[in-house]
Amino acid sequence: MDKVFEIQKNARDNVKSLQTYLTDLQNWESEMKRKEAALNGNFEQDLPPVRSKTRKERPIQVKKKQLNRISSSDYSSWEKFDVDKACEEVDMAEMGPMSLDSKQSEQEKQEKLREEAQYEKERGNTFVKQEKWDDAISCYNRAIELVKNDAIYYANRGLCYLKKDSLHQAEKDCTEALKLDSTYVKALQRRATAREKLGSLRSASADLHEVLKLEPNNVAARKQLETIKARMGTKGSKSKSSPLSTPTLESKSITPIESKPKVVEITTAESTPQEKWKNGVGENITVIKTVKKPPHLRSKRALKHITIQEIPLGCTVPKVEAKTIDNLAQGDTNNNSDETKDCALSAKGDNIEINSTEIKSMDKMVPPVNSVQFMNEWKCLKGSVEARSNYLNIIDPSNIPSIFANALESDVLSELLSVLYEFKDRYTRGLSLYLQAFTRVKRFSALAMFLADNDKLLVNKMLVHCKTKEGLSDDKINELKNKYEF
């Protein structure tokens, strides 16, 4: 034990001596470099910087007032607090300290406000393309609050009001835009449209004349002016702009010549092939159309539960056991109508079983490729264990893992085991191959955990059969027992 402490002490001493040696070596190296620089005339002495004799002007700094902080419990003060003003002060503080007589800071502020207004204008234009007029108006409102001397913002907002049929507000915005820019053609055209809809035809025509002075080749303005002139009538006549104006005596005496209405013969157009298909024309089918009723005309009764039964392809009416039909048709004579029988069958849909062996023989069965095909055929063969056994017999056990993949359920596995046990002597490939194939399906370990005692008993009997009839070894039987979790 003492030797261990001695070795640790020697190691620490050696490390300390090595560190002191390296430090001395670095100091010697720096000293040699300094002496060599002094001999070469490149000696530089580390001296503090010389103080400048010229006095520098200090920038004027605005003293910030100490703001009284509002306590968290002072709710009345928080209600009076102006959040927008505080946010604006924070935004202005990001521009840096401003001198009292600095024009540059004012220009930077205006540029920043114009950029924000331009951003709001672009957002508003996007909403206009999407025909979201209210969102566009709110964007143009923010742009006008930031920059109030831009005619485009007023004209664009006037367009939105025009689309919403707020004609007075549209005229007001266009007038405000023309105050800022009297040559703005779009504002003139929009105001003319608003005035035309309001009935001020003379004012609208004056705006359009101004547009044609600025742009003589404006086709839209020329067509609109011709329409207004047609409404106004000949030159010099009074404008028919006010629809609510009372007619004069002269206008009462003049009766317009009534034009005879044209009689147009309406020919019934032939229905298209698509309409014929929708209505089921030429087909022996009944088309069920949706019934649209208002809520107050709909029935208040509870909906009936209708069971859906599966009928295989090619079979129009499922075959019913004789006992079921006798139970359903008790008290009826042999002259019952088909409608009564159909109603009885639909009422007892759970008792209907399909004799699948008669529907499809074993020669016509096709081995499935995936789980969807297997489940469709398996459900069609419900009620006939022999038919299901024949269907399993045509399936190669090596393909079972690829057929089911992740789609094997516990109830299907239970049905498969019961079918295998019922006809265990029929399988040409051997019963053990099917039991081994099920264990190679994905998630089989989880399915084996939920096997019922009855299913495990069937598996145990089938393993005894495989040992006695097929000569399966004890190692493989024990392996199967472990996989089926006995």
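Mind counting the residues in segment 105-132 that are at positive phi and surrounded by 13 or more Cβ atoms within 10 Å (Cβ to Cβ)? So that I can check it myself, show each step before the final result.
At the first step, the residues of segment 105-132 found to be at positive phi are 131.
Subset that is surrounded by 13 or more Cβ atoms within 10 Å (Cβ to Cβ): none.
The qualifying residues number 0.
Can you tell me which residues in segment 454-477 are open to solvent by less than 80 Å² (accessible area, probe 1.4 Å) and in a helix (DSSP H, G or I)? Let's see the steps before the verdict.
Our first condition is that a residue be open to solvent by less than 80 Å² (accessible area, probe 1.4 Å); within segment 454-477, this holds for 455-456, 458-460, 462-463, 465-466, 470-473, 477.
Hits for segment 454-477 are D455, K456, L458, V459, N460, M462, L463, H465, C466, I477.
With respect to S432, is the statement that it is part of a helix (DSSP H, G or I), among the small types (G, A, S), open to solvent by less than 90 Å² (accessible area, probe 1.4 Å) and out of contact with any Lys or Arg (no Cβ under 9 Å at 6 or more places or on another chain) true?
Values: part of a helix (DSSP H, G or I): yes; among the small types (G, A, S): yes; open to solvent by less than 90 Å² (accessible area, probe 1.4 Å): yes; out of contact with any Lys or Arg (no Cβ under 9 Å at 6 or more places or on another chain): no.
For S432, the condition - part of a helix (DSSP H, G or I), among the small types (G, A, S), open to solvent by less than 90 Å² (accessible area, probe 1.4 Å) and out of contact with any Lys or Arg (no Cβ under 9 Å at 6 or more places or on another chain) - is not met.
From the set of residues in segment 395-422 that are in a helix (DSSP H, G or I), of a type in the set (S, T, N, Q) and open to solvent by 60 Å² or more (accessible area, probe 1.4 Å), which is farthest from Y434 (Cα to Cα)? Working first, answer last.
Within segment 395-422, the first condition is being in a helix (DSSP H, G or I), and the residues that meet it are 397-404, 410-422.
Subsequent filtering for residues that are of a type in the set (S, T, N, Q) retains 398-399, 402, 410, 414, 418.
Now drop any that are not open to solvent by 60 Å² or more (accessible area, probe 1.4 Å), which leaves 398-399, 402.
On the way: S398: 8, N399: 10, S402: 13 Å.
Ranking the candidates gives S402 first.
From the residues in segment 440-451 that are out of contact with any helix residue (DSSP H, G or I) (no Cβ under 7 Å at 6 or more places or on another chain) and not polar (S, T, N, Q), which one is least open to solvent (accessible area, probe 1.4 Å)?
So in segment 440-451, the residues out of contact with any helix residue (DSSP H, G or I) (no Cβ under 7 Å at 6 or more places or on another chain) come out as 442-443, 445-446, 449, 451.
With the extra rule that they be not polar (S, T, N, Q), the set shrinks to 442-443, 446, 449, 451.
On the way: K442: 126, R443: 110, A446: 41, M449: 123, L451: 17 Å².
So, considering only residues that are out of contact with any helix residue (DSSP H, G or I) (no Cβ under 7 Å at 6 or more places or on another chain) and not polar (S, T, N, Q), the one least open to solvent (accessible area, probe 1.4 Å) is L451.
Yes or no: K424 more than 20 Å from L472 (Cβ to Cβ) and of a type outside the set (V, I, T)?
Working: more than 20 Å from L472 (Cβ to Cβ): no; of a type outside the set (V, I, T): yes.
So K424 does not fit the description; no.
How many residues, within segment 384-394, are buried (at least 19 other Cβ atoms within 10 Å of the Cβ) and either touching a His at 6+ places or on another chain (Cβ under 7 Å) or not in a helix (DSSP H, G or I) (or both)?
Matching residues across segment 384-394 total 0.
Table: residues versus (1) within 30 Å of S384 (Cβ to Cβ); (2) in contact with a Gly (Cβ under 8 Å, 6 or more places away or on another chain); (3) surrounded by fewer than 10 Cβ atoms within 10 Å (Cβ to Cβ); (4) at pLDDT below 75.
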residue	(1), (2), (3), (4)
V263	no, no, yes, yes
I266	no, no, yes, yes
L313	yes, no, yes, yes
T324	yes, no, no, yes
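The values are calculated or read from the model by the stated rules, or taken from the named source; none is laboratory data. All of these numbers come straight from a predicted model, not from anything done at the bench. Note that we place each Cβ from the backbone using ideal geometry, even for glycine, and neighbour counts take in every protein chain shown. With ligands, DNA and RNA removed, areas are computed over all heavy atoms of the protein, side chains included. Shrake-Rupley method; radii C 1.70, N 1.55, O 1.52, S 1.80 Å.
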